[in-house]
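To start, the structure itself, in structure tokens.
The values are calculated or read from the model by the stated rules, or taken from the named source; none is laboratory data. Since the model is a prediction, treat every value here as computed from it, not as a measurement. So basically every Cβ, Gly included, is an ideal-geometry build from the backbone, and we count neighbours across all protein chains shown. Areas reflect the complete protein model, heavy atoms only, side chains present, ligands, DNA and RNA absent. Shrake-Rupley method; radii C 1.70, N 1.55, O 1.52, S 1.80 Å.
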Amino acid sequence: MNRKHQLQRITVYFVLSGIALFATAISTSLALQQSIDNPLTGNWAASSPSNDGYIRKAYFNLKQDGGTITGTIRATQFFYKIVKSTGGPDGFVLEASMPDGRTERKVTYEGKLIGNELQIGRRTRPDQPITFQTAQRVPDGEGAMPARVEPPTLRKVPYNGLAKSPPMGWNSWNKFAGRIDDATVRGIADAISKNGMKEAGYVYINIDDTWEAGRDAQGNILTNTKFPDMKALADYVHKKGLKLGIYSSPGPNTCAGYEGSYGHEEQDARTYAAWGIDYLKYDWCGARILYTDEEMPAIYQKMGEALLKTKRPIVYSLCQYGRQDVWKWGPDVGGNLWRTTGDIRDTWDSMTGIGFRQNELAEYAKPGHWNDPDMLEIGNGGMTDVEYRTHMSLWAMLAAPLLAGNDLRNMTPATIEVLTNKEVIAVDQDRIGKQGRQVWKSGEQEIWTRPLSGGATAVAIFNRGKEESKVTLKWEDLGLANKKTVRDLWLHQDIATAGPEYPVKVAGHGVVMLRVK
Ligand code: GLA
């Protein structure tokens with residue numbers, strides 16, 4: 001190569017580098033200008049304080065383009081797309097939505113930029129003020145939507161042989177929600193084995209949401225500081241002749257935003273088995289960001305198979321709020337019980353709204369496979385003792401799981417009496433496992449009957465009205481003309497009922513429950 005060529009090369013090199021430098025400078029300054037003009041652009045995370053060492057983050061992945069903000073929001077179990085925005089850094093409102101079954105779930109966030117931080121929040125209830133959180137910039141990609149694993153092909157999961165009668169025990173959610181910990185669970189186990197409940201059949205002590213932490217380097221699920229040693233806790237519960245239940249979600253996050261089993265189904269099932277877990281409540285929640293309702297059976301099948309594979313007897317409880325007619329496919333995916341409704345609350349309206357709506361599902365209940373109208377609220381204080389008796393009686397007529405949801409360490413004698421009525425429990429647990437049905441209704445009064453083993457029948461006369469009411473049973477109409485004995489299951493007395501009719505007085509919101517043979 002001669003000098004002239006060399007010179008030409010050097011010149012070309014310098015010109016090109018100059019252009020490159022210039023271009024970089026322009027694009028940097030453009031980007032700078034962009035971020036000056038659009039300071040909301042970025043990936044922001046807000047951490048929620050918790051008392052258990054698990055940090056839950058909400059992610060706001062925003063792209064500001066002048067007066068328009070687009071992007072996504074990931075918070076607890078949800079992943080929203082921003083569909084509308086107003087305002088800018090000094091104050092903005094974001095409307096976001098996500099598909100959820102047959103509906104669209106919508107949220108509105110409000111926020112503003114303060115220095116380098118984002119103040120952002122939303123109203124959780126219309127009558128409540130906004131709870132603001134502070135969000136910081138985090139690297140792009142953090143909190144991104146996980147990649148979707150295709151659901152498996154449907155195949156029938158063999159029956160695990162469990163829950164021949166509806167499961168009985170206790171669950172932490174209704175009373176304790178996120179305030180459940182190892183010491184409380186031990187206290188509940190102590191109480192249940194001393195207060196007559198264990199003898200009455202309550203055996204499962206079920207920990208609901210908020211026990212989870214993240215995962216270790218091998219992907220093993222970890223417990224948070226509220227549950228320092230799950231295996232030791234299981235041993236403690238087992239020594240009392242009781243069983244331990246746990247909770248998870250097929251999604252990346254649980255309802256409360258804790259770690260779910262997504263992508264770790266078999267690994268988690270193995271962990272539960274190694275800990276000595278006897279029952280799993282598997283709650284759809286976070287799975288809705290990845291899967292449609294139509295895909296539920298395949299997703300539930302995955303855990304059904306994983307549990308079977310552990311060879312440990314683990315009752316499998318499906319919790320997906322009765323969507324997609326779960327009663328039709330629950331048994332096929334290995335389910336022993338399936339929630340038929342949204343969450344129960346400790347009110348008369350909630351309890352009766354759920355309980356009396358179960359009539360059409362009667363044919364789907366059978367030994368090993370139960371409709372689950374949600375856990376009991378008995379003793380939580382929102383209803384009267386009369387109403388709690390109605391709750392207990394209705395759940396027994398429905399062959400529903402009996403999972404107490406109150407603080408068993410601290411109960412009134414009336415609460416214990418309602419929860420441990422052995423004659424009512426015997427109806428719930430009856431061997432033939434046939435769910436009761438409504439056979440008569442007039443105004444606010446209803447009669448339900450349930451066929452029992454040995455040719456007996458349970459009859460419940462419900463008064464949904466506020467005032468005491470008289471109902472006349474016509475034995476012939478109930479198909480019970482040949483009855484020999486009638487026993488009142490709350491009075492614990494045989495009663496004389498000569499003649500074709502039997503008039504009963506039922507207290508407002510009350511029940512009379514009979515066993516007829
Ligand atoms: C859902 C379930 C509840 C409870 C909570 C926990 O709402 O339906 O029973 O498990 O999640 O976060």
If you go through the stretch 245-265 one residue at a time, do you hit one that is within 16 Å of the ligand (Cβ to nearest atom), open to solvent by less than 10 Å² (accessible area, probe 1.4 Å) and hydrophobic (A, V, I, L, M, F, W, C)?
-> yes
Please identify the pairs in which a residue from the stretch 222-238 that is in contact (Cβ under 8 Å) with a residue 60 or more places away in the chain has its Cβ atom under 6 Å from the Cβ atom of a residue that is of a type in the set (A, V, I, L, M) and outside any helix (DSSP H, G or I), counting only partners at least 6 apart or on another chain.
-> 224/213
Which condition number in (1) in contact (Cβ under 8 Å) with a residue 12 or more places away in the chain; (2) open to solvent by 80 Å² or more (accessible area, probe 1.4 Å); (3) within 16 Å of the ligand (Cβ to nearest atom) is the one that residue 140 fails?
-> (3)
Can you pull out the helices (runs of 4 or more DSSP H) entirely within the stretch 340-442 that have at least 1 residues that are within 16 Å of the ligand (Cβ to nearest atom) and open to solvent by less than 40 Å² (accessible area, probe 1.4 Å)?
-> 348-355, 385-397
For the stretch 53-96, what are the residues that are in a loop (DSSP other than H, G, I, E, B), modelled with pLDDT of 95 or more and more than 23 Å from residue 35 (Cβ to Cβ)?
-> none
Could you please find all residues in the stretch 222-244 being part of a loop (DSSP other than H, G, I, E, B) and either away from the ligand (no atom under 16 Å from the Cβ) or buried (at least 21 other Cβ atoms within 10 Å of the Cβ) (or both)?
-> 225, 226, 227, 228, 229, 240, 241, 242
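Results for (1) within 18 Å of the chain's Cα centre (by Cα); (2) buried (at least 19 other Cβ atoms within 10 Å of the Cβ); (3) within 19 Å of residue 273 (Cβ to Cβ), shown as yes or no for each residue.
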residue: 183; (1), (2), (3): no, no, no
residue: 187; (1), (2), (3): no, no, no
residue: 190; (1), (2), (3): no, no, no
residue: 197; (1), (2), (3): no, yes, no
residue: 201; (1), (2), (3): no, no, no
residue: 216; (1), (2), (3): no, no, yes
residue: 219; (1), (2), (3): no, no, yes
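Restricting the search to the stretch 109-131, which residues are part of a strand (DSSP E or B) and surrounded by 13 or more Cβ atoms within 10 Å (Cβ to Cβ)?
Selection gives 109, 110, 111, 112, 113, 117, 118, 119, 120, 121, 122.
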Can you find even one residue in the stretch 209-217 that is more than 16 Å from the ligand (Cβ to nearest atom) and either among the charged types (D, E, K, R) or in contact with a Cys (Cβ under 9 Å, 6 or more places away or on another chain) (or both)?
-> yes
Report the residue count in the stretch 285-335 for those that are of a type outside the set (A, V, I, L, M, F, W, C), within 16 Å of the ligand (Cβ to nearest atom) and open to solvent by less than 30 Å² (accessible area, probe 1.4 Å).
-> 10
